[in-house]
Amino acid sequence: MGCRCSSCLALVLAGKITMDYELPEELRMMKETLRRFVDREIIPIEREAYVGHELKPDVRKILEEKVKEIGMWMFDVPEEFGGLGMNLLARCVVWEEMGRTIAIPTRGGHIFGPPVSPILYFLNDDQKEKYLWPVLRGEKNCAFAQTEPDAGGDPGSMRTTAVLDGNHYVINGYKRYITAADKADFFQLQAVTDREKGSRGGISTFLVNAETPGIKLVRYQQMMMDDRPWEISFEDVRVPATNLVGKEGEGFKFGQTWITAGRMRHAARGIGVAERCMELSGSYTNQRETFGKKLSERQAVQFMMVDSWMDTKMLRLFVYNVAARADAGEDIRYDSYMAKVMGDEHAFKSCDRAMQVHGGMGLTTDLPIEKLWRDSRSMVITEGPPEILRMVIARAFYREYGG
Ligand SMILES: Cc1cc2nc3c(=O)[nH]c(=O)nc-3n(C[C@H](O)[C@H](O)[C@H](O)COP(=O)(O)OP(=O)(O)OC[C@H]3O[C@@H](n4cnc5c(N)ncnc54)[C@H](O)[C@@H]3O)c2cc1C
């Protein structure tokens, strides 16, 4: 509702103008198609679909073909690079529906096309030729290397340095938790180029070929979610100066839109996770009897189910609204922080409730709940923990309400 003049307000109050809380018809249809795809093609095989945190190659191939059949191949790649260039609202619908299955791992589970780090769209033509296009063609893999032992949630305190020496940068440092580093042909690496400026213009992005002398995959860390991110050391690694992305100090500049979309991905996924948990819990508690009554007749159980349902409805409205506003050109930075906090926390709470009402069954690998639970717990930590996000949101709060 754009106009707030008194005659428009009168029409609204008289019920003549409605606010549109529904998805547009074409997105509703796409959502139904994705729901069918997940229900028919993925959920029946979801337990056997992966080894560790990887989709099995033959399963990936079959699912990729199905994705092409339903017209969703490269839905998140801009049109100029051969993708569908879907807006954020449409992408949120995809992430939401994919959140219902454990077959698509939270990190690295790509069946919609090669995984492209959006920073690669900002490369110059020469760099695009060497790095972006091979990734899009599925010939090269990229890993994002930012986190360090002393710089996780606060990447501005990173220690890895890149020092210009003639027409090369010399990189020294240590990275950890780097997803898919063992499969990477090159790293999109963040390093300090100006210690004084720190996160305000002192960090730069480099494209670093994985084969360059001085790079060592030290070890992977086995996580409770099956992920195996890597620790990597960089010792006097010489990178051509032409592999700097943008200008020196622009290391955080290009990531902004990508990180915003990443937060929305967390939030949208949370809706799908909660949906699946409610589906499983609703039918289970409606059958399982204890002390002569169905669990669904117990108020303690009903309250858990209803809380998950109410929060899912709220989350969905918020995510769709924020995404639609982003597509209309609005700055949604703070709302995307809120969406990530709400989505991640809600997904985990829903999994936890589902686990509780399933009793011992919820802990078994016969059901997907334990995996949804493990993955959802990890999502609350990665790509911005809620404490840090709330700290940032608080700045906006005090601007608005601080008097
Ligand atoms: C499975 C996995 C895959 C990953 N993949 C990648 C990757 O591919 N590339 C990459 O670069 N990184 C990756 N990461 C890193 C990830 O994004 C970081 O782990 C995350 O940002 C948190 O950093 P940290 O673990 O060092 O936590 P820290 O920054 O040490 O924070 C620990 C905890 O302290 C609290 N905290 C921190 N700061 C504050 C504050 N200001 N106020 C209040 N509380 C606070 C929070 O509760 C936080 O969870 C991955 C991590 C995991 C677990």
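The set of residues in region 173-184 being open to solvent by 20 Å² or more (accessible area, probe 1.4 Å) and either in contact with a Pro (Cβ under 7 Å, 6 or more places away or on another chain) or more than 10 Å from the ligand (Cβ to nearest atom) (or both) consists of Gly173, Tyr174, Arg176, Tyr177, Thr179, Asp182, Lys183.
One residue stands out among those in region 309-340 that are open to solvent by less than 10 Å² (accessible area, probe 1.4 Å) and farther than 20 Å from Asp76 by Cβ: the one that is nearest to the chain's Cα centre (by Cα), which is Leu315.
Residue-level check: of (1) in a helix (DSSP H, G or I); (2) over 27 Å from Ile232 (Cβ atoms), Gly156 misses just (2). Would region 287-295 turn up any residue that is among the hydroxyl-bearing types (Ser, Thr, Tyr) and without any contact (Cβ under 8 Å) to a residue 24 or more places away in the chain? Yes, the conditions are met somewhere in region 287-295. For the criterion of being touching a residue at least 12 places away in the same chain (Cβ under 8 Å) and outside any strand (DSSP E or B), Gly198 passes. Name the residue that is nearest to Thr160 (Cα to Cα), counting only residues in region 201-216 that are assigned to a loop (DSSP other than H, G, I, E, B) and not aliphatic (A, V, I, L, M). Selected residue: Gly202.
Quick grid of which residues meet (1) surrounded by fewer than 13 Cβ atoms within 10 Å (Cβ to Cβ); (2) under 22 Å from Ser283 (Cβ atoms); (3) within 13 Å of the ligand (Cβ to nearest atom):
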position: Met355; (1), (2), (3): no, yes, no
position: Gly362; (1), (2), (3): no, yes, no
position: Leu367; (1), (2), (3): no, yes, no
position: Glu370; (1), (2), (3): no, yes, no
position: Ser378; (1), (2), (3): no, no, yes
position: Glu383; (1), (2), (3): no, no, yes
position: Glu387; (1), (2), (3): yes, no, yes
position: Arg399; (1), (2), (3): yes, no, no
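Any residue at all in region 237-255 that is among the hydrophobic types (A, V, I, L, M, F, W, C), within 30 Å of Val319 (Cα to Cα) and either without any contact (Cβ under 8 Å) to a residue 12 or more places away in the chain or surrounded by 15 or more Cβ atoms within 10 Å (Cβ to Cβ) (or both)?
yes
Across region 119-147, the qualifying residues are those that are of a type outside the set (Val, Ile, Thr) and within 14 Å of the ligand (Cβ to nearest atom), and the one among them that is surrounded by the fewest Cβ atoms within 10 Å (Cβ to Cβ) is Asn141.
Kindly evaluate Ala300 against the criterion of being open to solvent by 20 Å² or more (accessible area, probe 1.4 Å), within 30 Å of Asn124 (Cα to Cα), of a type outside the set (D, E, K, R) and over 21 Å from the mean Cα position of the chain (by Cα). Taking the combined requirement at face value, the residue does not satisfy it. The numbered conditions (1) within 15 Å of the ligand (Cβ to nearest atom); (2) free of Cβ contacts under 8 Å to residues at least 12 places away in the same chain are all true for Val192 except (2). Summed over region 149-172, the residues that are open to solvent by less than 50 Å² (accessible area, probe 1.4 Å), of a type outside the set (S, T, N, Q) and away from the ligand (no atom under 12 Å from the Cβ) give a count of 4. Which of the residues spanning region 76-89 are within 22 Å of Leu317 (Cα to Cα) and in contact with a helix residue (DSSP H, G or I) (Cβ under 6 Å, 6 or more places away or on another chain)? Correct list: Asp76, Asn87, Leu88, Leu89. Kindly indicate whether Glu387 is under 19 Å from the mean Cα position of the chain (by Cα), more than 27 Å from Met278 (Cβ to Cβ) and in a helix (DSSP H, G or I). Answer is yes for this residue. Restricted to helices (runs of 4 or more DSSP H) entirely inside region 49-146, those with at least 3 residues that are under 26 Å from Phe348 (Cβ atoms) are 88-98. If I filter region 276-292 down to residues being open to solvent by 40 Å² or more (accessible area, probe 1.4 Å) and touching a helix residue (DSSP H, G or I) at 6+ places or on another chain (Cβ under 8 Å), which single residue comes out as farthest from Trp309 (Cα to Cα)? Step by step, filter region 276-292, then rank; the result is Glu289. Among the residues of region 151-179, just one is at pLDDT 95 or above and of a type in the set (Asp, Glu), namely Asp165.
The values are calculated or read from the model by the stated rules, or taken from the named source; none is laboratory data. What you see is a predicted model; the values in this text were computed from it and never measured. Virtual Cβ from ideal backbone geometry, glycine too; neighbours counted across all protein chains shown. Heavy atoms of the whole protein, side chains included, go into the accessibility calculation; ligands, DNA and RNA do not. Shrake-Rupley method; radii C 1.70, N 1.55, O 1.52, S 1.80 Å.
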